[in-house]
Amino acid sequence: MQKLVVFSGAGMSAESGISTFRDSNGLWENHNIHDVATPEAWQKNPELVQRFYNERRKNILTATPNPAHRLIAELEKYFEVQVITQNIDDLHERAGSSDVLHLHGNIRLAKSSGPTAQYTTEFYPVKGDSLLLDQNFCKDGYPLRPHVVWFGEAVPAYDDALEIIQQADIFIVIGTSLVVYPVAGLVHEIPPACQAYYIDPKADQQQMPAQYQCIAQTATEGLQVLFSELCKTHKN
């Protein structure tokens, strides 16, 4: 089977009612990103950071996968599908995708807030929607924090994503503005013979390599068109 890799961003989950990471005024749910999404923010005000992500987790738990998520899961009938997502929600998994790599973490999991937190491979499932600073601790006694890669932290899954992308026969970038590095640079790592597509309402405004076919539509609209095209080609 051909290897099809999907690289998804915030626009993918926006259709499920999950707020995008960064809107036009640089805020996330009315918070300055540097107040809630950096290690320094946690050191300065862990109560605010924990409360912020508890609210994001509640939002995610009440959201449901949209048609674009379900179409990606359905592609597994025709291709070997690997999803790489920048999103911290679990909507791909709930839609039925069986192989999902979270570049920026998964908010349904927690990890230690100790000195080596950004490199840890030990994660704790979050029961319910909230983590509590005075009740939830790692085995070393540090309060648990969300399993989210913050600005200024390493992206441990980057090398795994790079290896996957370099083996792709078909590569679909969907719902990402490609402004968050280093992961945005992954779009340049596909093989020369790879079929590449970029689905985003502003796709035609991006400077994408010539290898990419730009589809200036929403995640669901663009995937509906591409799904039919890919499956038709596969059957032929």
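The values are calculated or read from the model by the stated rules, or taken from the named source; none is laboratory data. The model shown is predicted, which means the values in this text are computed figures rather than measured ones. Backbone-built Cβ (ideal geometry, glycine too); neighbour counts: all protein chains shown. Just so you know, the surface numbers come from the protein's heavy atoms only, side chains and all, with ligands and any DNA or RNA stripped out. Shrake-Rupley method; radii C 1.70, N 1.55, O 1.52, S 1.80 Å.
Would you confirm whether or not the range 173-183 contains a residue that is within 17 Å of residue 105 (Cβ to Cβ), among the hydroxyl-bearing types (Ser, Thr, Tyr), crowded, with 21+ Cβ neighbours inside 10 Å and outside the structural domain of residue 40 (by the TED database)? Yes; the residues of the range 173-183 include at least one that is within 17 Å of residue 105 (Cβ to Cβ), among the hydroxyl-bearing types (Ser, Thr, Tyr), crowded, with 21+ Cβ neighbours inside 10 Å and outside the structural domain of residue 40 (by the TED database).
Here residue 78 meets each of (1) under 16 Å from the mean Cα position of the chain (by Cα); (2) surrounded by 15 or more Cβ atoms within 10 Å (Cβ to Cβ); (3) in contact (Cβ under 8 Å) with a residue 24 or more places away in the chain; (4) in the same structural domain as residue 177 (by the TED database) with one exception, condition (1). Output the residue which, of all residues in the range 8-36 that are among the aliphatic types (A, V, I, L, M) and outside any strand (DSSP E or B), is modelled with the lowest pLDDT. Taking the candidates together, the pick is 33.
Residues in the range 179-208 that are among the acidic types (Asp, Glu) and free of Cβ contacts under 8 Å to residues at least 24 places away in the same chain: 204 alone. Quick check: is even one residue across the range 100-123 more than 14 Å from the chain's Cα centre (by Cα), over 17 Å from residue 144 (Cβ atoms) and not aromatic (Phe, Trp, Tyr)? No; the residues of the range 100-123 include none that is more than 14 Å from the chain's Cα centre (by Cα), over 17 Å from residue 144 (Cβ atoms) and not aromatic (Phe, Trp, Tyr).
In the range 52-63, the residues that are among the hydrophobic types (A, V, I, L, M, F, W, C) reach residues that are in a helix (DSSP H, G or I) with C-beta atoms within less than 7 angstrom, at least six apart or across chains, in these pairs: 52/36; 63/91. Note on the range 51-96: among residues that are touching a His at 6+ places or on another chain (Cβ under 8 Å) and of a type in the set (S, T, N, Q), the one that is farthest from residue 187 (Cα to Cα) is 87.
Looking at the structure I just gave you, is residue 156 open to solvent by 50 Å² or more (accessible area, probe 1.4 Å) and either closer than 30 Å to residue 211 by Cα or outside any helix (DSSP H, G or I) (or both)? Yes.
Scanning the range 99-125 for residues that are in contact with an Asp or Glu (Cβ under 8 Å, 6 or more places away or on another chain), open to solvent by 30 Å² or more (accessible area, probe 1.4 Å) and either charged (D, E, K, R) or touching a residue at least 24 places away in the same chain (Cβ under 8 Å) (or both) turns up 101, 108, 118.
Is it fair to say residue 139 is of a type outside the set (Gly, Ala, Ser), in contact with a Ser or Thr (Cβ under 9 Å, 6 or more places away or on another chain) and assigned by the TED database to the domain that holds residue 76? For residue 139, the condition - of a type outside the set (Gly, Ala, Ser), in contact with a Ser or Thr (Cβ under 9 Å, 6 or more places away or on another chain) and assigned by the TED database to the domain that holds residue 76 - is not met.
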